[in-house]
Amino acid sequence: MEKYNKLLSNIAELIEKGLFTSKSLKKDLDEAINLKMEIIANKLNLVSREEFEVQKKLIVKLQKELIIIKSKKIKKTKRVKKS
């Protein structure tokens, strides 16, 4: 990912220096870069921050439920052993 950030920085610098003066060339370049970034992001199976946060909350909830279930099982096992 760092390579792509460096590439984008270099392209931005060239544009700022006026080496790409044609508006259509800039537009074509932007579209090509955006397309390439979308292709890369799709290959990486990235998720949005919102999706990540939802999954994180779900995992925390399930972990708490698992702890409760395990503690109930342990208590039940102790009762059976005492009898």
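With each run of n ≥ 4 DSSP H residues scored as -39500 (n - 2.57), what mean residue ellipticity at 222 nm is computed for the chain after dividing by its residue count and rounding to the nearest 500 deg cm²/dmol?
It lands at -29500 deg cm²/dmol.
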Convert 4 °C to kelvin, take the viscosity as 1.567 mPa s, use the Kirkwood radius over C-alpha pairs of the chain as Rh, and evaluate the Stokes-Einstein diffusion coefficient in µm²/s, rounded to a whole number.
73
Which of the trypsin sites (Lys or Arg not before Pro) found in the range 27-83 are in a DSSP loop and have at most 16 neighbouring Cβ atoms, other than their own, within 10 Å?
none
Aspartates and glutamates near LYS43 by alpha-carbon distance under 18 Å, same-chain residues fewer than 8 away left out - which ones?
GLU2, GLU51
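Laboratory data are not the source of any read-out in this text; all were calculated from the coordinates shown. Everything numeric in this text was worked out from a predicted model, so none of it was measured. Don't worry about glycine lacking a Cβ; one is built from the backbone with ideal geometry, like all the others, and counts go over all protein chains shown.
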